[in-house]
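For reference, the structure discussed in these notes is given below.
The values are calculated or read from the model by the stated rules, or taken from the named source; none is laboratory data. Model, not experiment: these values are computed from the prediction. All Cβ positions, glycine included, derive from the backbone under ideal geometry; neighbour counts span all protein chains shown. Calculation scope for accessible area: heavy atoms of the full protein, side chains included, ligands and nucleic acids excluded. Shrake-Rupley method; radii C 1.70, N 1.55, O 1.52, S 1.80 Å.
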Amino acid sequence: MAENNKVIITLVKSPIGAKKNQKDTLKALGLTKMHKSVEKVNNEFIQGMINTVSHLVKVEESK
């Protein structure tokens, strides 16, 4: 059976002054406030979103 690899994504830097696509990506991830964390399944779509906003977020493996 496939493992459920998940990642915890935390917004650690303010998106004020960020590009519109980066703000939209944060909103799509569910990161609306500073230091808010969300848990997502680790797949190629989420990895692409993380790469877009990598300078604004902290990513950790979920156990």
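The table that follows gives values for the structure above.
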{"read-out": "Förster radius 22 Å - calculated FRET efficiency between ILE16 and ASN51, Cβ distance, rounded to 0.05", "value": "0.60"}
{"read-out": "Extension gain (nm, one decimal) between ALA28 and LYS6, 0.36 nm per residue minus Cα-Cα", "value": "6.2 nm"}
{"read-out": "For THR25, solvent-accessible area (1.4 Å; no DNA, RNA or ligand), Å²", "value": "20"}
{"read-out": "Pair GLU60, VAL38: separation of 7 Å Cα→Cβ label points (nm)", "value": "1.8"}
{"read-out": "Gaussian network model of the chain, Cα within-10 Å springs - most flexible of GLY30, GLY17, GLY48", "value": "GLY17"}
{"read-out": "Accessible surface of the chain, 1.4 Å probe, proportion on carbon and sulfur as whole %", "value": "52"}
{"read-out": "Estimated 222 nm signal from helices in the chain, with DSSP H stretches of n ≥ 4 weighted -39500 (n - 2.57), rounded to 500", "value": "-8500 deg cm²/dmol"}
{"read-out": "Per residue value of the accessible surface for the chain (all protein chains in place, 1.4 Å probe), Å²", "value": "73"}
{"read-out": "Probe 1.4 Å - accessible area at GLU44, Å² to nearest ten", "value": "140"}
